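The structure appears below as structure tokens.
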Amino acid sequence: MAAVHKTSPKGGKNVLIVYAHPKPESFNGALLRKAVDVLSSQGHNVVLSDLYKMNFDPLVRLEEFSVSDSGSAAISRAVQEEVEKVEQADLVVFQFPLYWGSFPAILKGWMDRVMQVMSGFVRKTGFYEEGDLKGKRALLSFTTGAPSIPVESLEAILLPMQVVTLNAVGFDVLSPQVSLGVEHGTEEMLEQYLADWARRLSTVFEEPTSEMLTVDSWAEKHCHV
């Protein structure tokens, strides 16, 4: 899909879905298709970045580091296209399986390369409430193999993904959509996950953003010196 440059004639929003799973038949693939169907049916413009299908290069090259030193760099066309998609989006949804408590490598590389260009390191606009992407919404939707995650463990997982990465560049981050234990989930359970996802997406632009867990508040709660 090409980047969106105007709103829908139905008055919809622009949504970018960044998808990181190599198997279309996976449950992540089912969640992706559900998101596209629901959002499109409401008149929203949906743009998809299927990172494996795009063969997106996750490595930050040496020439890209000159961005923070001189204000210019050899930004590849692939990265520039992703930057433009984010700039046009009202909401960015990240769909992925949780790998070792974090993003899959290809999605982490997307964050490293795309968010660097859009960050205060390059644009000198600041971070968090002064971030260049303030006013845009971000939503992590991920699956796990584990059937449960303790609340404190989930907070620790979300800190680098939501706060240090997305909120740092200004995104208003929504509560994550977590689909637990999908590898051995029953058909009934997976269908319920899809129904819950569809229901949430139907009102995602009315959903209040959550009070962000900050680095300082996380440290105060978990670090006892």
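Quick note: the coordinates plus some simple rules give every number you see, no bench work behind them. In this text, all values refer to a predicted model and were calculated from it rather than measured experimentally. Here the Cβ is made from the backbone with ideal geometry for all residues, glycine too, and neighbour counts use every protein chain on show.
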Could you state the orientation-averaged shadow area of the convex hull built on the Cα atoms of region 14-222, in nm² to one decimal?
11.8
So if I take the centroid of the Cα atoms in region 73-113 and the same for region 10-47, what is the distance between those two points in Å?
15
Rounded to the nearest 0.05, what FRET efficiency do Thr209 and Glu188 have when you use their Cβ-Cβ distance and R0 = 41 Å?
0.85
What's the FRET efficiency of Ala105 with Phe127 using the Cβ-Cβ distance as r and R₀ = 35 Å, to the nearest 0.05?
0.90
Once you put a point 7 Å from the Cα of Ala146 and another 7 Å from the Cα of Leu180, both along the Cβ direction, what distance in nm separates them?
1.0
If R0 is 30 Å, what FRET efficiency do you get for Asp112 and Ala195 from their C-beta distance, rounded to 0.05?
0.30
The long-range amide H neighbours of Gln177, using H built 1.01 Å from N in the peptide plane and a cut-off of under 5 Å, are Leu140, Ser141, Phe142
Taking the Cα-to-Cβ direction at Ala78 and at Arg33 and moving 7 Å from each Cα, how far apart do the two end points lie in nm?
2.7
